[in-house]
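The values are calculated or read from the model by the stated rules, or taken from the named source; none is laboratory data. A quick note: this is a predicted structure, and the numbers were derived from the prediction, not measured. With ideal geometry, Cβ positions are generated from the backbone for all residues, glycine too; neighbour counts draw on all protein chains shown. Surface areas here come from the heavy atoms of the whole protein model, side chains and all, with no ligands, DNA or RNA. Shrake-Rupley method; radii C 1.70, N 1.55, O 1.52, S 1.80 Å.
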Amino acid sequence: MPAETSHTPHHMSHTAPVEYTCPMHPEVVQHKPGSCPKCGMFLEPREVSADSRPDEHAGMDHSAMNHDDMAFMSMIDVTKDLPRSNDGLPMDWIDVPFGPFFPGLPSALLLILTLDGDTVAGARAQTLAENTALLPDSAAMDAEHFVERLAKLDPLAPLAYRLLARRAIENAAGVEIAPTTARGRIGALERERIASHLGWLALFAQQTGFDWLLQRATALQLHSQQANRQQMLALKPEIDRLKKRLQRTPLLKSRSVGLGQLLPDDKLRGPVARAAGITDDARSTDPAYIALGFKTSQRNTSDILARLQVHLDEISHSLVLIEAAGSIDTLPLPVVADASGDGEAVVETPRGSARLQLRLDQGRVISAQLDTPSTQHLSLINALTEQQALGDALLAVGSLDLSPWEIRQ
Amino acid sequence: MTSLLIILLLLAGAYLVAVLEAWIANGRLRFATPVLAGIAMLGRESIVPRQPDRIFFETAPVLLLISAILGAMVLPLTPDLITTDLATGALFINAALVYVLVALLMAGWGPDGAYAMIGGWRFLGQLIAYAMLIVMPITAVAMRAESLLTTQIVVSQAGLWNIVYQPLGFGLFFVAAMALAFLPPFDLATANSELASGVEAEYSGVRLAVFRLARLTLVMTLAAATVVFYLGGWQGPWLPPWAWSGLKILAVTAAMLLAGRLMPRIREADLMAWGWMLGIPLALLNIFLVGVLVLVWP
């Protein structure tokens, strides 16, 4: 994979006139070779170009200095005008793209890191998922069509968004939901959460080169995506074994503890928020969930290890909820005839709570606003990666579980 | 003649390592795959990136291969099957394997790409962590054998293999050897998910084939060194010496390849800290313990 770089090229031209200067004392300049009167080092040749004579250097702005003009590599000259990072070592800063198809990041996410050696000095992130056509901003469409569109918004959590659209429309139309239907929906949503969290584990494994976990988590994810209730419950011993195995895995703790820390912030959603000690969970206020014995999983350290633990806890708890729910609904399209009104719904997607407000007019959606967790999380990337080693920074970005599809820029 | 035989054996070994690696990775034992993959790589375009340092770029894979082969030259597979039984053999292997670092730095600098360059510098840091942990355990091994001759080191283990005599040294050497061969979890220089293969990122076609072959050969050489230093070399009952050497080398290789699958990649900072703050004191302790043991119970 080629990378755009801007570090000093290896080849320098040798056409300009040459003068000689000391590598340690740039003020010593003469026109023939010799040794430095101050330290005795051999003087090194340097090209003279019209716009960068050394005696004119004092008052010049060096921020745009072109290294090609220099025929020798005096570390002092090369680095004296470079920005310094926290460790005080001046280096060439380079902008390196990671993505949109990078092995350790979600596809369609473009992360441009400014690297200072192996340390991240700055980060820019954006999504390249061209999903704007599917977004329900200025929508004016049939309710069924709207639900189908929102379900296609995020291929990583189609069911959660389908449910979100359904709930919002049902609220707008004032439709009451039968308790059995509500439980069936919980079964479906929790199944998707298990599959999604296993996907998070697989990405974590991929990023850390942990092949065994990658194979296990991917296999379990594939298995759980379309499984019925019995098949889901049969996964429980396997998931318990996986958790036990992870507790004994060497290097796992040192790879994740204290890294990727985020301060508690109202932008945090879902498992990322719960790992930071925030009880942000749309499920905890949902009567249907409360009836099934829902409780939030929570950690306080807000690092990658806490996120790993929250994801593992939630996988187990989702299995308990599926067992209690009794069925997994298929979520047919809503029937809202010619209803009108305003509706709002919040659904705890696998990545955090998503909120949808819409206005229904004669059975058609005429306006809608959507707030998604990944949109909020994208703005955290800079704080998360600043002054981190490259490997830690990428792992921290991965631990946010961004879905590029639901990000709205 | 012996050299040629050793090189052929190394190549055969590299092939077996490739089969083993694929077997461990995906559970399928296919003997033709490495050959087919190699031929396919030869047929692909070998891209030269823009503005390369041509000399570094071209030399690096070959230098890595040479370094691995040089290291194998002083390792006996049987009492007679050794290219050169140098009087300084145990020292020479260190000297030969230092060029692994040089090769990876050149591969990192040569293509003028960010991923490769970071991978190269990472390996420089890695050398600082593992280098002492290669040399110091070998020192303890040489102390017991009272010789730097690798054949003498094998003979010295006739009564008791070094893995039992100095288990601490074996542990340190095994881990350091994995770090030297940049095998997972020490694959910082070639991390796929952090650097899109790092120093290997800009290599393709025939150059990548040489790179991969060199890496496999390096794993073979280090496994052979582990066998010679700690697992009694060619010694063993019933089977002929060459068979024992071969079996032990394959077993060590399999252990090296398997270990990395079962844990996440180490952080650079941790590797450095543990190498110096834990590894070196333990290596000194190992030398001390072996010194006492040699006096008490040679």
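A few comments on the model shown:
- Protection-proxy order for peptides A:387-399, B:44-56, each taking the mean of Cβ atoms within 10 Å per residue, highest first: A:387-399, B:44-56
- A convex hull fitted to the Cα coordinates of the protein assembly as shown yields 210 cubic angstrom per residue.
- Mean partner shielding of peptide A:190-200, defined as the number of other chain Cβ atoms within 10 Å of each residue Cβ, is 0.
- Other protein chain C-beta atoms within 10 Å of residue C-beta, averaged over B:256-266: 6.
- Packing here is the average count of other Cβ atoms within 10 Å per residue, and on that basis the peptides A:202-209, B:283-290, highest first, run A:202-209, B:283-290.
- Total lysine pairs in the protein assembly as shown at Cα distances under 25 Å, for residues eight or more apart or on different chains: 10.
- Taking θ as phi - 60° and the Karplus parameters 6.51, -1.76 and 1.60, the scalar couplings of the stretch A:307-315 work out to 5, 4, 5, 4, 4, 5, 4, 5, 4 Hz in sequence order, x denoting glycine and proline.
- Anisotropy class of the stretch B:171-298 from Cα gyration tensor, a/c 1.5 cut: oblate
- When both the stretch B:127-169 and the stretch B:16-66 are represented by their alpha-carbon centers, they are found 32 Å apart.
- Relative contact order of the stretch A:223-371, pairs being alpha-carbon contacts under 8 Å that are 6 or more residues apart, as %: 22 percent
- Cβ-Cβ FRET estimate between B:Met1 and A:His145, R0 fixed at 60 Å, reported to 0.05: 0.15
- Partnerless cysteines in the protein assembly as shown, where a partner means another cysteine C-beta under 4.7 angstrom, comprise A:Cys39.
- At R0 = 56 Å, FRET efficiency that the Cβ-Cβ distance of B:Leu293 and B:Arg50 yields, to 0.05: 0.45
- When you restrict to C-alpha pairs under 8 Å that are six or more residues apart and normalise by the size of the stretch B:167-215, the relative contact order lands at 18 percent.
- Here the calculated FRET efficiency for B:Ala259 and B:Ala32, from their Cβ-Cβ distance with R0 = 35 Å, stands at 0.85, rounded to the nearest 0.05.
- Placing dummy labels 7 Å off each Cα toward the beta-carbon, the span from A:Thr114 to B:Leu86 is 4.8 nm.
- For the pair A:Lys244 and A:His25, label points projected 7 Å from Cα toward Cβ lie 7.3 nm apart.
- Shielding by partners, peptide A:390-398 (average Cβ within 10 angstrom, other chains): 4
- The phi-based Karplus calculation (6.51 cos²θ - 1.76 cosθ + 1.60; θ = phi - 60°) puts the 3J(HN,Hα) values of the stretch A:300-305 at 10, 7, 6, 10, 5, 4 Hz, whole numbers, x for Gly and Pro.
- Label-point separation, A:Arg124 to B:Ile24 (7 Å along Cα→Cβ), nm: 4.2 nm
- In the protein assembly as shown, the portion of solvent-accessible area held by carbon and sulfur atoms comes to 62 percent [1.4 Å probe, whole percent, DNA, RNA and ligands not counted].
- For chain B, fraction of C-alpha pairs farther apart than 33 Å, in %: 21 percent
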